Every structure is written in structure tokens, then in C-alpha cells.
Amino acid sequence: MQSLWFFDDVNLFKVLCPHKFKAYKEEHDFCAYKKKDYIYFEADSANKVYLIEKGKVKIGYYSEEGNEIIKAILSKGELFGEKAILGAEKRDEFAQSIDNSTSICPISVETMHNLMRNNQTFSLKVYKFIGFKFKKLERRLQLLLFKDTKTRLIEFLDELCNDYGYNCDKTGDQIIKHPFTQKDIASLIGTSRPTINILLNELKEENYLDFNRKEIRILKSSA
């Protein structure tokens with residue numbers, strides 16, 4: 001099943017990074033970020049797109065009430081800031097490193113457009129990414145509008161299994177080692193942190209899962 005939250009069926013870094021192209025290799029550089037460093041803020045000029053070489057990046061915005069809303073948490077091989085390719089002049093979201101050793105490949109819009117004009121495979125990958133992201137947002141809106149919170153949480157956990165999960169050889173449980181806090185999960189599925197905590201404990205009592213701060217275990221008995 002394709003991921004609802006990430007474009008993870010292709011490592012874009014392997015395909016799109018300018019250092020792969022001889023004409024751009026010498027002038028290309030990477031930028032290092034620590035945890036909580038911002039790559040850009042809302043309303044910043046949108047003159048670059050970014051590829052993640054390593055680490056993790058949080059994408060979000062602030063509501064009128066000042067609450068942080070997280071749209072996605074991205075990792076190695078993923079692209080963000082892509083609205084600049086389509087002509088956006090200002091950012092409508094922020095991007096923040098959530099890893100102590102995040103490495104980012106910044107690409108100017110001019111360079112990206114040149115690469116897209118000169119390399120059909122490159123161009124198709126970019127448009128595939130943008131199209132997939134629109135579908136993903138549409139699917140997420142459908143979940144928020146038509147499914148109850150507990151169902152949204154269970155479906156999100158299914159997505160986490162695809163992105164971060166593996167089977168435990170000893171028990172057969174699905175173990176998910178993930179980068180999300182309960183607040184992050186709440187933002188991503190449109191609810192509150194206390195509600196997420198209540199639902200996780202309900203699912204624990206139902207023997208569907210067990211969890212701690214960095215790991216969720218989907219129990220084999222729930223399959």
C-alpha cells in the first residue's frame with residue numbers, strides 16, 4: 001500500500017540531487033542542521049527546493065491561534081519546498097530539522113527548471129512527486145472528513161508499519177520505531193494530544209498494541 005504521509009516509493013535524492021549532474025557538481029554544496037534549526041520560515045522567499053541527504057525534517061505552519069500544525073515529517077531521499085517549482089514566491093509553511101545531524105541539498109529554482117528542461121527522467125520524477133503529493137492531501141482530507149478519530153489513528157498506525165515497521169522474529173509482533181511524538185500524531189490526524197493518549201491506552205487495553213515514547217508494537221494477537 002502506498003504511504004499516505006510520504007512519497008516513499010522512490011528515493012528522490014538518488015535521482016534529483018544536482019551533484020549527480022556534471023554541469024552542477026562543482027558548484028553544489030550541502031547544508032548541515034541541528035535539531036530545532038529552521039531551514040525556512042513562513043513568508044520567506046521561495047527561491048529553492050530541498051532534498052534530504054540524511055536526517056529528518058518537520059513541515060508545518062501555525063494557526064491563527066498560534067498552534068503548531070504539522071503537515072509531515074520527512075526523511076532521507078524526500079523533497080520539500082516544491083511549491084517554488086510551480087511559481088510560489090513566498091513560503092506558506094515552515095521547515096525545521098528534528099534530527100541532530102540533518103544534511104540538506106538546496107537546489108535553486110533556476111537550477112531545478114534547467115534540469116527539468118534538459119532531463120526528461122528528472123522532469124517526470126518531479127511531476128510524479130507533485131502529483132502524488134496532491135493525491136495524498138486529497139486522501140488525508142477524506143480521512144479527516146469522513147472517518148472517526150479512532151479509525152484515523154489505526155489507519156495512521158498502518159502507514160507507520162509501512163514506513164518504519166518490521167516483524168519481531170520471536171513474537172511475530174510488528175514493531176514500529178518512529179520519529180513522532182503524540183503531539184505530532186495528533187496534528188497529523190486532526191485531533192488533540194490528550195485524545196491520542198486516551199485512544200492509545202484504549203487500544204492497549206484491547207490488546208491491539210503496546211507502546212512507549214519511541215516504539216509502538218502492534219500485537220500479533222490483533223492480526
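Assorted remarks:
- Residue check, SER97 closer than 21 Å to PRO179 by Cα and surrounded by fewer than 19 Cβ atoms within 10 Å (Cβ to Cβ): no
- The set of residues in the range 107-123 that are touching a residue at least 60 places away in the same chain (Cβ under 8 Å), in a helix (DSSP H, G or I) and surrounded by 15 or more Cβ atoms within 10 Å (Cβ to Cβ) comprises VAL109, THR111, MET112, LEU115, PHE122.
- Top-ranked residue of the range 73-82 - restricted to ones that are touching a Lys or Arg at 6+ places or on another chain (Cβ under 8 Å) and either under 20 Å from LYS125 (Cα atoms) or aromatic (Phe, Trp, Tyr) (or both), ranked as modelled with the lowest pLDDT: GLY77
- Selected residue (criterion: farthest from ASP99 (Cα to Cα)) from residues of the range 184-217 that are loosely packed, with under 14 Cβ neighbours inside 10 Å and basic (Lys, Arg): ARG213
- Residue check, LEU157 farther than 21 Å from ASP37 by Cα, touching a strand residue (DSSP E or B) at 6+ places or on another chain (Cβ under 7 Å), in contact (Cβ under 8 Å) with a residue 12 or more places away in the chain and assigned by TED's automatic domain parsing to the domain that holds ASN197: yes
- Boolean, ILE130 is aliphatic (A, V, I, L, M), assigned by TED's automatic domain parsing to the domain that holds ALA84 and touching a residue at least 24 places away in the same chain (Cβ under 8 Å): yes
- When restricted to residues that are touching a helix residue (DSSP H, G or I) at 6+ places or on another chain (Cβ under 7 Å) and loosely packed, with under 15 Cβ neighbours inside 10 Å, the range 156-183 contains 4.
- Subset of the range 145-184 [assigned to a loop (DSSP other than H, G, I, E, B) and among the basic types (Lys, Arg)]: LYS147, LYS170
- Unique match (being aliphatic (A, V, I, L, M), assigned to a helix (DSSP H, G or I) and under 27 Å from LYS220 (Cα atoms)) among LEU200, LEU141: LEU200
- Of the residues making up the range 48-69, those that are among the β-branched types (Val, Ile, Thr) and surrounded by fewer than 20 Cβ atoms within 10 Å (Cβ to Cβ) are ILE59, ILE69.
- Residues located in the range 33-46, provided they are surrounded by 14 or more Cβ atoms within 10 Å (Cβ to Cβ) and within 19 Å of HIS113 (Cα to Cα): ALA46
- Some residue of the range 76-84 being at positive phi, surrounded by 14 or more Cβ atoms within 10 Å (Cβ to Cβ) and outside the structural domain of ILE218 (by TED's automatic domain parsing): yes
- Inclusion of LYS20 among residues that are of a type in the set (Lys, Arg), in the same structural domain as GLY131 (by TED's automatic domain parsing) and modelled with pLDDT under 85 is warranted.
- Checked against (1) in contact with a helix residue (DSSP H, G or I) (Cβ under 7 Å, 6 or more places away or on another chain); (2) hydrophobic (A, V, I, L, M, F, W, C); (3) at pLDDT 90 or above, ILE189 passes all but a single condition, namely (3).
The values are calculated or read from the model by the stated rules, or taken from the named source; none is laboratory data. Keep in mind it's a predicted model, so treat the numbers as computed, not measured. As a convention, Cβ positions derive from the backbone with ideal geometry for all residues, glycine included, and neighbour counts pool all protein chains shown.
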